[in-house]
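A.B. asks: Sharing a structure, written as structure tokens. Questions coming.
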Amino acid sequence: MPETTGQTTGFLRPAISEGIATITIDRPPANAFDPALIAEFLELLPPLVADPGVRCVVLRGTGRFFVAGADIAVMRELTEATQRAMRPWVEVARLLEIAPKPVLAALNGHALGGGAELALACDMRVMAESATMGFPEISLGLFPGAGGSQRLPRLLGAHRAKLLMIEGTRLTAADALRIGLVDRVVPDSAFDEFIGTTARALADKPTATIGLLKSIVREGSSLPLDEALDLEFAAVLELIRTSDAAEGLQAFLDKRAPTFTGR
């Protein structure tokens, strides 16, 4: 994918600079998703996450919202056809989850419902201090049905996750950090700078190694330990053939900082 600085495609604004791909969701007023936005993601993400020149993916919103959730104007049609049209939001999250490189959710604003579910699929979640996060679907007579009912218990434990979804709690950034729902909280005034610095640090790491690590953690978590250890060793054998492994060890011996290429 070519280097870009702000190409616009519908509601998504992808920008790639020095190995960092930033995808900005810009669908006023609340960045709610609908089938059109989902289709844009499904067209954009596969070549982007497969591009070896992309070393880190950053996902963020605009204004006061990261993603407010599903578009209620669509969801109010309580038909199977509507649910099937909105269901591929799960595929968007899965593409981010299995991306062979780090994915950073930059929660610039409120991440609610399907927005919070999307963030759960990312490797790191950084939240602006004024933002909130939660799963309020219960107030609509619904539950988090775009991955939240499955990813949230895996992250927080079944009881705490179930309670959050039953109560429909909307968490402050401080509360989200306290329970482990996000990894960092940053003052609004420092948010953009922090995201840029963090994305740069992630992109400078051995991203092929990170891709392997992500896959064995994801696949091994559902296996018996002996099988998971075999999976780990197979990944180690693949890992030692990467140029980044050679560079990392040589740099240590040379007493210098490594220069990783993601290969």
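A.B. asks: Using the Cα centre as the reference, give the magnitude of the dipole from point charges on the C-beta atoms of the chain (Lys, Arg: +1; Asp, Glu: -1; all else neutral), rounded to the nearest 20 debye.
C.D. replies: My answer is approximately 340 debye.
A.B. asks: What ranking, highest mean first, results for peptides 30-36, 237-243 when packing means the other Cβ atoms within 10 Å averaged over each residue?
C.D. replies: 30-36, 237-243
A.B. asks: Using a basic spin-label model with each label point 7 Å from the Cα along Cα→Cβ, how many nm lie between Lys255 and Ala73?
C.D. replies: Between Lys255 and Ala73, the label points sit 6.5 nm apart.
A.B. asks: Among DSSP bridges having both ends in region 97-179, what percentage is antiparallel? Round to the nearest 5.
C.D. replies: 35 percent
A.B. asks: Among DSSP bridges having both ends in region 12-203, what percentage is antiparallel? Round to the nearest 5.
C.D. replies: 30 percent
A.B. asks: What order, most packed first, do the peptides 131-140, 113-122 have when packing is the mean number of other Cβ atoms within 10 Å of each residue? Let's see the in-between values first.
C.D. replies: Values: 131-140: 20.7, 113-122: 27.1.
My ranking of the peptides, most packed first, is 113-122, 131-140.
A.B. asks: Something else: Here are several values of Cα extents along the principal axes in Å: [x] 60, 46, 36; [y] 52, 39, 37; [z] 56, 35, 34. Which one was derived from the coordinates shown?
C.D. replies: It is the value labelled [x].
A.B. asks: Please give the calculated 222 nm ellipticity per residue for the chain, where each DSSP H segment of at least 4 residues contributes -39500 (n - 2.57) and the sum is spread over every residue; nearest 500 deg cm²/dmol?
C.D. replies: Mean residue ellipticity at 222 nm (helix-derived): -13500 deg cm²/dmol.
A.B. asks: On to the next question. Between helix 158-167 and the chain, what is the angle of the helix's C-alpha long axis to the longest principal axis, kept within 0 to 90° and rounded to the nearest 10?
C.D. replies: The helix 158-167 is inclined about 30 degrees to the chain.
A.B. asks: Work out how much length Arg154 to Ala190 would gain on full extension: take 0.36 nm times their residue separation and subtract the Cα-Cα distance, in nm to one decimal. Let's see the in-between values first.
C.D. replies: On the way: separation 36, 0.36 × 36 = 12.96 nm, distance 3.06 nm.
Working it through step by step, the gained length comes to 9.9 nm.
A.B. asks: According to a simple spin-label model (label point 7 Å from Cα along Cα-to-Cβ), what is the distance in nm between Glu238 and Ser215?
C.D. replies: Result: 0.2 nm between the two label points.
A.B. asks: I need to check one value: relative contact order of the chain, counting alpha carbon pairs closer than 8 Å and at least 6 residues apart, in percent.
C.D. replies: Reported relative contact order: 15 percent.
No lab work stands behind these numbers, since they all come straight from the coordinates. As the structure is a prediction and not an experimental result, all values here were calculated from the model. A quick note on method: Cβ atoms are made from the backbone with ideal geometry, for glycine too, and the neighbour counts reach across all protein chains shown.
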